[in-house]
Amino acid sequence: MNPPSPAPRSLVDLLLTAAHRHPASGVTHCLGPAGAPCRDQSYPGLLAESARLLTALRARGLEPGDRVVLVLERPQEFLPAFWAAVLGGFVPCPMAPLRGDRERWSAQLEHVNTLLGGPLVITGEALAAELPPVTGLSVAALEELRADAHTAADDFHRAAPEDTAVLVLTSGSTGHAKAVVLSHANLLASMAAKNGHHRLTARDTTLNWVSFDHVAALLECHLLPLSTGSRQLHVEASVVLGEPLEFLRLISRHGVTMTFTPNFLLGLINAAGERLSASGERLDLSRLRHIISGGEAVVVATGEAFLDRLARHGLARDALWPAFGMTETCAGSVYSRKAFPDVDRGAEFAGLGTPVEGLRIRIADPEDRPLPAGRVGELQLRGPMITSGYYNNAAATREAFTADGWFRSGDLGRLDEGRLTLVGRSKDSIIVNGVNYFSHDIESVLEPLDGVARSYVAAFPVRPAGSDTEQLVIAFAPESGAAPGVPGTGTAPGTGGTGAGAEAALHRVLMAIRSTVVMHWGFRPALVLPLSPHQFPKTSLGKIQRSLMRRRLEEGAYDAERRAVRELTERMLGGHTAPEGGTERVLAEIYAELFGTDPAAISATANFFDLGGTSLDILRLRARVTERLGVSGLEVITVLRAPTVRALAARLDAGTASGTGGYDPVVPMQTGGDKTPLFCVHPGVGEVLVFVNLAKYFTGDRPFYALRARGFDEGEKPFVTFEQMVDAYADAIQRRQPHGPYAVAGYSFGGAVAFEIAKVLRERGERVDFTGSFNLPPHIKYRMAELDFAETATNLAFFLALIDKKQSLRLPARLRPLPREEQVARLVALAPPGRLAELDLTADRFAAWAELANSLTDLGRTYEPSGSVPSMSVFHAIPLRGTRQEWLDNELRRWDAFTTGPNRYLEVPGEHYTMLAPQHVAAFQAILRRELDLRLAEADEIAIRRGGSR
């Protein structure tokens with residue numbers, strides 16, 4: 001193979017030198033928590049594996065300069081693919097998958113495919129099956145490349161220093177990300193300059209848990225230790241985020257000397273400190289020389305508490321280094337080396353220290369004129385590690401640099417005796433837990449929600465004193481006017497919203513905004529603020545001035561509105577009842593932790609879901625109940641049926657965390673509102689968790705009930721016939737709501753059940769004004785006939801996210817010849833242990849669930865639709881097979897034969913299995929709620945004309 005150059009001219013020389021001079025060092029891949037096995041790969045081993053992959057890439061026709069997008073989440077997959085591209089002179093571009101939002105992921109892939117001129121996308125087989133379709137996208141599965149890599153290339157491309165080495169997409173969820181150009185010269189200069197501060201040697205060990213689409217992971221935690229021959233440890237992010245103490249355990253077990261983390265993890269570790277102390281666990285942190293903390297501001301109090309708490313485990317007092325870096329500066333470029341916390345005493349946020357050698361920084365006014373020390377202005381930078389610009393985007397490159405060649409960071413700061421302190425940002429983004437979220441991305445998702453006035457939504461950050469991370473504020477103008485008691489907002493012309501109805505409507509919008517943010521981005525806004533349109537400062541071009549709104553909020557200009565929202569929320573939650581007894585108080589503390597509020601504000605009678613709980617929060621609740629109260633086996637259905645602190649505490653104290661105390665199909669999901677209740681029938685898996693997020697959008701509008709199959713609880717027998725199931729559901733509905741008008745709907749399999757329920761209720765002389773099917777035709781027996789146990793169990797595993805889409809397609813044929821017990825065992829063995837723990841699923845429990853789902857399938861195999869209802873509202877998504885139009889024309893429109901009036905066919909986003917998923921539920925609920933209102937109003941008019949019921 002090519003020998004390394006005496007002085008490195010490209011990244012290739014870094015790897016060749018590491019393999020040649022440090023053959024005993026390399027990369028250690030941790031395959032789980034600190035106690036889990038690890039896989040070591042030496043630097044020569046990494047070089048050899050990458051050289052074999054290079055052969056496979058060249059066989060596909062790639063030439064130097066070609067772009068390669070890496071959608072690889074596991075470090076042991078990413079690093080060989082990255083180096084294969086570098087060794088061949090190809091230009092790698094890391095990219096994170098957006099599994100949670102197929103539309104955004106599709107837009108991002110399409111944009112990147114166009115921006116980079118048709119790159120090759122390398123991903124794993126499982127992710128390849130999940131990729132949304134993009135015209136002209138070239139995809140290669142890493143497993144296929146490895147299978148094709150029979151020999152190792154020994155001639156590597158020798159790039160010039162000024163050649164592009166890597167493209168890094170700007171952070172955020174937008175489909176219009178820019179690609180930052182980093183040359184070999186940029187990276188080599190950065191590595192040498194960084195180590196002027198880090199001073200790593202071959203005796204050091206580094207730790208990384210950040211995914212490789214983040215520039216710090218690739219540069220700070222891989223290229224830097226590689227350049228010094230240090231041993232580097234990599235673990236997947238979920239290990240640390242799932243249990244923050246694992247960060248410390250990994251450091252202790254492996255003798256880590258340098259690592260990186262944003263400030264939010266320090267706060268999570270502080271919060272878990274009591275558990276560490278109570279366990280008596282001893283850690284050895286004495287070899288940890290420094291923790292680089294970047295990505296967001298370091299809160300002085302958080303950093304000091306972290307150092308104080310861990311001092312008894314040997315952590316040095318000066319081990320925490322606040323730092324600054326951007327993708328455009330090759331990650332870390334300014335470090336507060338061995339200065340924190342002493343130099344930051346009395347400050348809220350830590351200073352960031354001094355720049356690395358070769359980097360110049362200045363603070364400039366709006367005309368790009370340098371400002372003296374102590375003055376606040378834009379941070380601008382210049383040096384050999386600064387990007388030359390953005391790939392294929394000349395306009396963005398021009399805007400990024402001043403006329404005299406300095407890079408504009410977009411951050412506001414000052415210099416005090418040469419040390420940098422940041423005080424804010426001029427760019428419209430929010431950094432939560434070290435991740436950038438762009439204001440316009442958030443606003444574009446929230447603006448279409450019912451009750452939100454168009455062009456009057458603003459997302460901006462705040463940083464309350466002592467907070468470990470920035471927090472999100474959403475300001476919006478209510479479309480139909482505010483409830484009485486919310487000052488500054490008026491009623492929109494023609495809406496006439498007053499009194500209790502207007503209050504309920506506003507509360508529903510507040511809940512919808514909170515829930516949508518949680519489901520799209522995984523965190524809660526700290527404040528949702530209804531304002532009148534005149535309280536939104538706009539430029540002459542109509543752009544909302546978010547920074548001005550933030551300043552007004554911090555100055556107290558919106559205090560009256562904040563207070564009114566708190567009072568409204570308390571009224572809608574039924575006032576405050578103090579928790580009593582140990583279990584209630586602990587549950588109130590857990591609820592407060594989940595929803596980011598004061599435990600004293602949690603009422604014993606407040607509903608978990610009214611407080612903002614989502615399906616994800618149920619899993620977090622179960623884990624905390626086990627941890628804090630020692631109660632295992634808390635079932636999802638128990639939380640659904642006993643969602644208040646008081647009701648759940650009573651269940652836990654009585655030892656009934658599992659079981660419902662007698663079968664009742666009706667599960668109340670949301671009981672507020674005075675409109676006709678909606679009853680939704682479960683899909684073919686029998687469970688109703690899929691409706692939790694949908695029901696939240698009906699708060700204050702109409703009650704939402706779900707119908708759950710029989711057979712989940714101990715001693716319950718599944719239904720024997722389709723008719724028995726339908727009658728049981730109709731009886732339960734009438735126990736909850738004795739008389740019509742009724743509204744019933746069903747998801748998938750439940751659509752046929754809903755149709756039959758509507759017929760039964762009508763035969764009993766009741767009005768059924770709405771019957772809905774979520775993507776199911778009337779003739780289901782053909783699909784049911786295809787679903788034997790292997791197919792049903794595999795579909796259930798996919799529905800529960802135990803396996804991926806590609807596995808769900810290929811596994812039934814492999815499982816079918818095996819006994820059922822073995823089929824179940826293999827499916828459970830494929831599931832991520834963490835997901836099984838979240839769902840509290842064992843092989844026996846999964847087997848019982850699969851048998852129940854199979855029994856429901858059996859009921860459908862002989863189902864023949866007959867009779868009619870007045871009309872159906874059919875919501876159609878992308879089907880399991882074929883096109884949407886074929887599915888609509890050839891299958892769904894068969895409902896026309898079973899109604900006496902015209903049907904309505906409504907297109908909804910997503911696929912069959914994802915139409916109610918977090919990324920689509922906000923759009924789905926809007927379509928469903930409008931259709932419900934329309935159909936029920938039409939039925940009322942008909943009834944009035946006819947002078948009675950029907």
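None of the figures in this text is laboratory data; all of them are computed from the coordinates on show. As the structure is a computational prediction, the values presented were derived from the model and not from experiment. Note that each Cβ is placed from the backbone with ideal geometry, even for glycine, and that neighbours are counted across all protein chains shown.
Near the amide H of ARG67, within less than 5 Å, lie the amide hydrogens of VAL91, LEU120, all on another chain or at least 5 residues away, with H placed in the peptide plane. With a Förster radius of 22 Å applied to the C-beta separation of ASP40 and ALA202, the computed FRET efficiency comes to 0.90.
Taking each pair of distinct Cα atoms in the stretch 108-186 once, what is the resulting Kirkwood hydrodynamic radius in Å? Intermediate values should be presented prior to the final figure.
Working: mean 1/r = 0.0670 Å⁻¹.
For the stretch 108-186, the Kirkwood estimate is 14.9 Å.
Mind putting a number on the dipole of the stretch 1-189 about its Cα centre? Charges go on the C-beta only, +1 for Lys and Arg and -1 for Asp and Glu, and I need it in Debye to the nearest 20.
Working: 14 positive and 19 negative charges, 55 e Å.
The dipole magnitude comes to about 260 debye.
Report the label-to-label distance for VAL462 and ASP416 in nanometres (one decimal), using points 7 Å from each Cα along the Cα→Cβ vector. About 2.5 nm separates the two model spin labels. Multiplying the residue separation of LEU888 and ALA129 by 0.36 nm and removing their Cα-Cα distance gives an extension gain of 270.8 nm.
Potential lengthening of the chain between ARG826 and ASP148 amounts to 241.3 nm, from the contour at 0.36 nm per residue minus the alpha-carbon distance.
The angle between the Cα long axis of helix 843-861 and the main principal axis of the chain comes to about 50°, on a 0 to 90 degree scale. Under 5 Å from the amide H of LEU182 lie the amide H atoms of ALA165, VAL166, VAL168, each residue being 5 or more positions distant or on a separate chain, with H modelled from the backbone and absent for Pro and chain starts. Placing a label point 7 Å from the Cα of SER866 along the Cα-to-Cβ direction, the residues of the stretch 768-798 whose backbone N falls under 18 Å of that point are 778-782.
Please list, by residue number, everything in the stretch 375-415 whose backbone N is under 19 Å from a paramagnetic label point 7 Å out along Cα→Cβ of ARG21. Counting only backbone N, you get no residues. If you count Lys pairs in the chain whose Cα atoms are under 26 Å apart, skipping same-chain pairs closer than 8 places in sequence, the total is 13.
Please rank HIS22, HIS176, fewest neighbouring Cβ atoms within 10 Å first, as an exposure proxy.
Details: HIS22 18, HIS176 15.
Ordered by Cβ neighbours within 10 Å, fewest first: HIS176, HIS22.
Rounded to the nearest 10 degrees, the angle from helix 615-629 to the longest Cα principal axis of the chain is 80 degrees.
Rounded to 0.05, the FRET efficiency of the TYR782 and ARG454 pair, given R0 = 35 Å and the Cβ-Cβ distance, is 0.20. Once the Cα-Cα distance is subtracted from the 0.36 nm per residue extended length, the THR605 to GLU357 segment shows a gain of 83.3 nm. The modelled label-to-label distance between ASP713 and LEU548, using points 7 Å beyond Cα along the C-beta direction, is 5.9 nm. By the count of neighbouring beta-carbon atoms within 10 Å, fewest first, PHE90, PHE698, PHE770 end up ordered PHE90, PHE698, PHE770. Remark: the stretch 12-26, residue by residue, has Karplus-estimated 3J(HN,Hα) of 3, 5, 5, 5, 4, 5, 4, 5, 7, 8, 10, x, 8, 9, x Hz, where x stands for each Gly or Pro and the curve is 6.51 cos²θ - 1.76 cosθ + 1.60 at θ = phi - 60°. Other residues whose C-beta falls under 15 angstrom from the C-beta of ARG820 contribute a net charge of -3, scoring Lys and Arg +1 and Asp and Glu -1. When only the Cβ of Lys, Arg, Asp and Glu is charged (+1, +1, -1, -1), the dipole of the stretch 783-861 relative to its Cα centre reaches about 340 debye. Using a simple spin-label model with pseudo-atoms 7 Å out from Cα toward Cβ, LEU809 and ASP674 lie 5.2 nm apart.
3J(HN,Hα) along the stretch 249-258, derived from phi through the Karplus expression 6.51 cos²θ - 1.76 cosθ + 1.60 where θ = phi - 60°, amounts to 5, 5, 4, 5, 5, 9, x, 5, 10, 8 Hz, with x in place of Gly and Pro. Exposure proxy shown here: for SER532, SER444, the number of other Cβ atoms within 10 Å sets the order, fewest to most, as SER444, SER532.
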